[in-house]
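Right, one structure below, let's go through it.
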Amino acid sequence: MLDSEAVVWVKTPSGEAIRLVDEYRPRIFAEPRSPEAELMLVQMLEQSPLVRSVEAVEMLVGLRNRERRRLLRIESFGATSIDRVSKLVRRSGLVSEIYGGSLPHVHRYLFNRLRVEPSSRAAITASGERIVSAERLEDLEEIRPPPFTLLRMLPSYSSGRVEGLCFQMAGGSFLVRGSEDRLMDKMVELVSSLDPDLIYVPGLQRGPGSQIMDWLRSSEVRKGIGRCLDAWRLSQGSAAGRVFLGDVFYGFEPDEYGIAGLVERARFSFTTLGLATRWTSNRCIDSRNIYELVRINVLAPQLEHIEGVRRLKELLDSDRGGVTFTPKPGLHENVAALDFDSQYPSIILKHGISYESPSGGGQLIPSIIQPWLERRLRLKRLRKSLQPLSEEELYCTQRIEALKLILCTQYGISGCCWNRFGNTLAFEEINRISRQAMMLSKSVAEEDGFEIIYGDVDSLFVYRRRASRREYEELAKRISEATGLPMSLDRHFKFIAFPRLRTDPDTPALKRYFGLTYEGVVEARGIELRRSDTPPIVREFQERLIKTVLSFESVEEVLSDGVEEGVRLLEEYEGLIDSGLGVEELEIRRTLGRSPEEYSRGLAQAIAAIQLQALGMRVEKGSGVGFIYTSRSHSNPHVRVRASQLFKGRYDKEYYRAYLRRAAGTVFEAIGAVINRASKDARLERWL
């Protein structure tokens, strides 16, 4: 954004990046305290050189009050002047509320003028560099993302300072080492020559890449990297014709395939690619909510969240969440996972649940999610026709998963106090219908002779002796007909295992399982493999272990040959630990939930953060911190770990061996086999 103009970058099908500009006429709406206050305010504004026009209008505000309010529509000449006008109006004491003043300028332009979601296909008419008209074009059948190019810049460190940069783009990579000046010069040179649209540096704003952020503040660097001399706004990712991505990737990855998922998130959020990777899903949904209100000429209040006072018994009866059926621990074969397709969004749509009408008949949430839910289901059907692991299938999956996260979050924040329109009654009604659907599904399955192995909110794991894939699909169809909600066979497991609680072996662990599908794909939830703070070497080992152990034809073979193969794999990985590994295989990453100095003494991520701060690096709440255990049992907590940037090769091998054994134990114990590793010459005990 310039002051009185919006800058719009367009990527043509041939790959050319074009800079266009458009008029920007920002406005706010002020609610005078009285008719007298309105008259005084109009007189004041008409005399201001910052104001283009003032007009009295009647508009709806929010979702619940259907009476129009008399407001003043105040239009200014640009971003700077409207901000000054907002302060002038607020300080006058003549208004009770101002609407539209907190919306970022980029969204005021997108919502009120351009009305085309960023990253969308569009037909744009221009006179010179000035936009005359813009129209969104549908591309519902498109799987590949727009022709955006992505450059990944991965820094490496020595003594806490960047000593090298690995540039990755379109399958190629360039590694540069040297002094800070050399790295900065090479960065400018490569960005200029490769000409990427998108640039990703891990932890650029709040993490290990923050040193790169310091470089980007240099005017010379900005001049060399930008496509023009426009001002940068790195808090939004905007860099004069390029976009520096943030670190928020929900359902997609920061790579060439992930661009497809990023596009879905940006389009839904009606925001830029830079902000789509910086905003939480709540913020993305709020952006779409506001756009939809702007589209129907309704103003958004600052807050309209409602949560009334209720008796404790009423609250306990109403707010019970979803249904979980306790898993049957141990190893099972030929189990089908039947999933409601986007259960919560489907419930919202079918029953018309929304903030303004939690018991049905609402408009806002259903009208927003309907096209996106239909799109996700269309993509899921399309994916079945694509070659597994093909580029098209990978692009399709990234789009599906990005939409899944957004659509599920619609339910999750429906009653949240951080949601501008949140209503706890809407959240509770969605859960109530979900519980009914799950109980009815269980009844249908059991009436047909199927056994419920596990159930978790929107999915059923079912088994029937010698049941075929087709029979499981027919069961899903019958459940869909009974509940009125779409259900399908999501995964067909050759083998699946459910662990017990380590702290209480008599109790099955909820939301934890692993298995191997008939297609040979490892699926897992809640175990080390799926934890974000598990070292990569352990994640790799546990995934290979599951596939190795379960790649046999019968339960008996799994518990004999499979376990023996698994023990050999464990010994192989213990040998890798002893032989020496690098930071990329050993690193444990955690996000700081508070400032480093607020943590209790001895917490690993806090120690690593303090080590980085001592080197002058910016580490704060929300930063991602990587570290390696160097001496886990040392009496001095500051010697136990080293921040990844300070790692020099020495690590606590026994700690990482124990981590491997713990991950192996998760698998072996769940299937009914225990390995005794008390001595070097381990022996295997099988519980059959």
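Could you check, for region 503-523, whether at least one of its residues is touching a residue at least 60 places away in the same chain (Cβ under 8 Å) and of a type in the set (Val, Ile, Thr)?
No, there is no match, as no residue in region 503-523 is touching a residue at least 60 places away in the same chain (Cβ under 8 Å) and of a type in the set (Val, Ile, Thr).
Return yes when Ile98 is crowded, with 18+ Cβ neighbours inside 10 Å, touching a residue at least 24 places away in the same chain (Cβ under 8 Å), touching a Lys or Arg at 6+ places or on another chain (Cβ under 8 Å) and within 20 Å of Ser4 (Cβ to Cβ) and no when it is not.
Answer is no for this residue.
As an exercise: evaluate Asn334 against (1) part of a strand (DSSP E or B); (2) under 30 Å from Pro146 (Cα atoms); (3) not basic (Lys, Arg) and give the number of the one condition it does not meet.
Condition (2) is where Asn334 drops out.
Gly62: touching a residue at least 12 places away in the same chain (Cβ under 8 Å), within 27 Å of Glu135 (Cβ to Cβ) and not charged (D, E, K, R), yes or no? Before the answer, list the steps.
Details: touching a residue at least 12 places away in the same chain (Cβ under 8 Å): yes; within 27 Å of Glu135 (Cβ to Cβ): no; not charged (D, E, K, R): yes.
No: the conditions fail for Gly62.
In region 386-414, what residues are small (Gly, Ala, Ser) and either buried (at least 22 other Cβ atoms within 10 Å of the Cβ) or within 13 Å of the chain's Cα centre (by Cα) (or both)?
Once the filter is applied, which keeps residues that are small (Gly, Ala, Ser) and either buried (at least 22 other Cβ atoms within 10 Å of the Cβ) or within 13 Å of the chain's Cα centre (by Cα) (or both), region 386-414 yields Ala402, Ser414.
Yes/no matrix, rows are residues, columns are (1) among the charged types (D, E, K, R); (2) in the same structural domain as Ala260 (by TED's automatic domain parsing); (3) farther than 22 Å from Asn431 by Cβ; (4) modelled with pLDDT under 95:
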position	(1), (2), (3), (4)
Ile347	no, no, no, no
Glu356	yes, no, no, yes
Pro366	no, no, no, no
Gln370	no, no, no, no
Lys380	yes, no, yes, yes
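May I ask you to list the residues in region 95-147 that are within 30 Å of Pro32 (Cβ to Cβ), among the polar types (S, T, N, Q) and out of contact with any helix residue (DSSP H, G or I) (no Cβ under 8 Å at 6 or more places or on another chain)?
Of the residues in region 95-147, the ones within 30 Å of Pro32 (Cβ to Cβ) are 95-113, 115.
Cutting the leftovers down to among the polar types (S, T, N, Q) gives us 96, 102, 112.
Result: Ser96, Ser102.
State all residues of region 622-652 that are part of a strand (DSSP E or B) and among the small types (Gly, Ala, Ser); if no residue qualifies, say none.
Within region 622-652, Gly624, Gly626, Ala643 meet the criteria.
In this structure, does Leu72 turn out to be in contact with a helix residue (DSSP H, G or I) (Cβ under 7 Å, 6 or more places away or on another chain) and surrounded by fewer than 18 Cβ atoms within 10 Å (Cβ to Cβ)? Outline the logic, then answer.
Values: in contact with a helix residue (DSSP H, G or I) (Cβ under 7 Å, 6 or more places away or on another chain): yes; surrounded by fewer than 18 Cβ atoms within 10 Å (Cβ to Cβ): no.
Criteria not met by Leu72.
Looking at Ser318, is it surrounded by fewer than 17 Cβ atoms within 10 Å (Cβ to Cβ), among the hydroxyl-bearing types (Ser, Thr, Tyr) and either at pLDDT below 95 or touching a Phe, Trp or Tyr at 6+ places or on another chain (Cβ under 8 Å) (or both)? Can you show your working first?
On the way: surrounded by fewer than 17 Cβ atoms within 10 Å (Cβ to Cβ): yes; among the hydroxyl-bearing types (Ser, Thr, Tyr): yes; either at pLDDT below 95 or touching a Phe, Trp or Tyr at 6+ places or on another chain (Cβ under 8 Å) (or both): yes.
Yes.
I'm told Ser623 meets every condition in (1) farther than 24 Å from Gly649 by Cβ; (2) crowded, with 18+ Cβ neighbours inside 10 Å; (3) at pLDDT 95 or above except one. Can you identify the failing condition by its number?
(3)
How many of the residues making up region 415-440 are without any contact (Cβ under 8 Å) to a residue 60 or more places away in the chain and either under 18 Å from Val335 (Cα atoms) or not in a helix (DSSP H, G or I) (or both)?
Residues meeting the conditions: 0.
Of the residues in region 10-53, how many are assigned to a helix (DSSP H, G or I) and either under 32 Å from the mean Cα position of the chain (by Cα) or of a type outside the set (Asp, Glu) (or both)?
Residues meeting the conditions: 9.
Would you check which residues across region 442-468 are farther than 21 Å from Asp341 by Cβ and surrounded by fewer than 17 Cβ atoms within 10 Å (Cβ to Cβ) and list them?
Hits for region 442-468 are Glu446, Glu447, Gly449, Glu451, Arg465, Arg466, Ser468.
Here are Arg152, Arg161, Arg113: which of them is within 30 Å of Ser179 (Cα to Cα) and modelled with pLDDT of 95 or more?
Arg152
Which residues, taken from region 294-318, are hydrophobic (A, V, I, L, M, F, W, C) and touching a residue at least 24 places away in the same chain (Cβ under 8 Å)?
Val294, Val298, Leu299, Ala300, Leu303, Ile306
Identify, from the list Gly224, Gly237, Gly251, Gly258, the residue that is touching a helix residue (DSSP H, G or I) at 6+ places or on another chain (Cβ under 6 Å) and either free of Cβ contacts under 8 Å to residues at least 12 places away in the same chain or surrounded by fewer than 17 Cβ atoms within 10 Å (Cβ to Cβ) (or both).
Gly224
Among the residues of region 51-69, write down those that are surrounded by 16 or more Cβ atoms within 10 Å (Cβ to Cβ) and modelled with pLDDT under 95.
Within region 51-69, Gly62, Leu63 meet the criteria.
Restricting the search to region 343-381, which residues are of a type in the set (S, T, N, Q), assigned to a helix (DSSP H, G or I) and crowded, with 21+ Cβ neighbours inside 10 Å?
Answer for region 343-381, where residues must be of a type in the set (S, T, N, Q), assigned to a helix (DSSP H, G or I) and crowded, with 21+ Cβ neighbours inside 10 Å: Gln343, Ser346.
Looking at Ser34, Ser86, Ser81 in this structure, which one is among the polar types (S, T, N, Q), farther than 30 Å from Leu364 by Cα, in the same structural domain as Val106 (by TED's automatic domain parsing) and surrounded by 17 or more Cβ atoms within 10 Å (Cβ to Cβ)?
None of the others qualify; the one that does is Ser81.
Considering (1) exposed (fewer than 15 other Cβ atoms within 10 Å of the Cβ); (2) in contact (Cβ under 8 Å) with a residue 24 or more places away in the chain; (3) of a type in the set (Asp, Glu), say which one Asp286 fails and leave the rest.
Failing condition for Asp286: (1).
Matching residues to (1) among the hydrophobic types (A, V, I, L, M, F, W, C); (2) in contact with a strand residue (DSSP E or B) (Cβ under 9 Å, 6 or more places away or on another chain):
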| site | (1), (2) |
| --- | --- |
| Glu97 | no, yes |
| Ser102 | no, no |
| Arg130 | no, yes |
| Glu141 | no, no |
| Asp181 | no, no |
| Leu198 | yes, yes |
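Assess whether Phe627 counts as being of a type in the set (A, V, I, L, M, F, W, C) and under 30 Å from Gln205 (Cβ atoms).
Values: of a type in the set (A, V, I, L, M, F, W, C): yes; under 30 Å from Gln205 (Cβ atoms): yes.
When the stated conditions are applied, Phe627 passes them.
Need the failing condition index for Val188 against (1) under 30 Å from Arg642 (Cβ atoms); (2) of a type outside the set (Phe, Trp, Tyr); (3) at pLDDT 95 or above, just the number.
So Val188 meets the others, but not (1).
Residue-wise test of (1) closer than 30 Å to Ser133 by Cβ; (2) in contact (Cβ under 8 Å) with a residue 40 or more places away in the chain.
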{"site": "Ser4", "(1), (2)": "yes, yes"}
{"site": "Val7", "(1), (2)": "yes, yes"}
{"site": "Ala17", "(1), (2)": "yes, yes"}
{"site": "Val21", "(1), (2)": "yes, yes"}
{"site": "Tyr24", "(1), (2)": "yes, yes"}
{"site": "Phe29", "(1), (2)": "yes, yes"}
{"site": "Arg33", "(1), (2)": "no, yes"}
{"site": "Ala37", "(1), (2)": "no, yes"}
{"site": "Val42", "(1), (2)": "no, no"}
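Being touching a Ser or Thr at 6+ places or on another chain (Cβ under 7 Å) and surrounded by 15 or more Cβ atoms within 10 Å (Cβ to Cβ) is the filter; apply it to region 626-645 and report the residue that is farthest from Arg161 (Cα to Cα).
Here is the first cut: in region 626-645, the ones touching a Ser or Thr at 6+ places or on another chain (Cβ under 7 Å) are 626-628, 639-642.
Those left that are additionally surrounded by 15 or more Cβ atoms within 10 Å (Cβ to Cβ): 626-628, 640-642.
Numbers: Gly626: 14, Phe627: 15, Ile628: 17, Arg640: 21, Val641: 18, Arg642: 14 Å.
Among those that are touching a Ser or Thr at 6+ places or on another chain (Cβ under 7 Å) and surrounded by 15 or more Cβ atoms within 10 Å (Cβ to Cβ), it is Arg640.
Within region 103-212, considering only strands (runs of 3 or more DSSP E) that don't extend past its boundaries, which have at least 1 residues that are crowded, with 19+ Cβ neighbours inside 10 Å and in the same structural domain as Gly237 (by TED's automatic domain parsing)?
Filter on region 103-212 gives 150-158, 161-169, 198-200.
The values are calculated or read from the model by the stated rules, or taken from the named source; none is laboratory data. From a predicted model like this one, the values you see are computed outputs, not experimental measurements. Methodologically, a virtual Cβ is constructed for each residue, glycine included, from the backbone with ideal geometry; neighbour enumeration extends over all protein chains shown.
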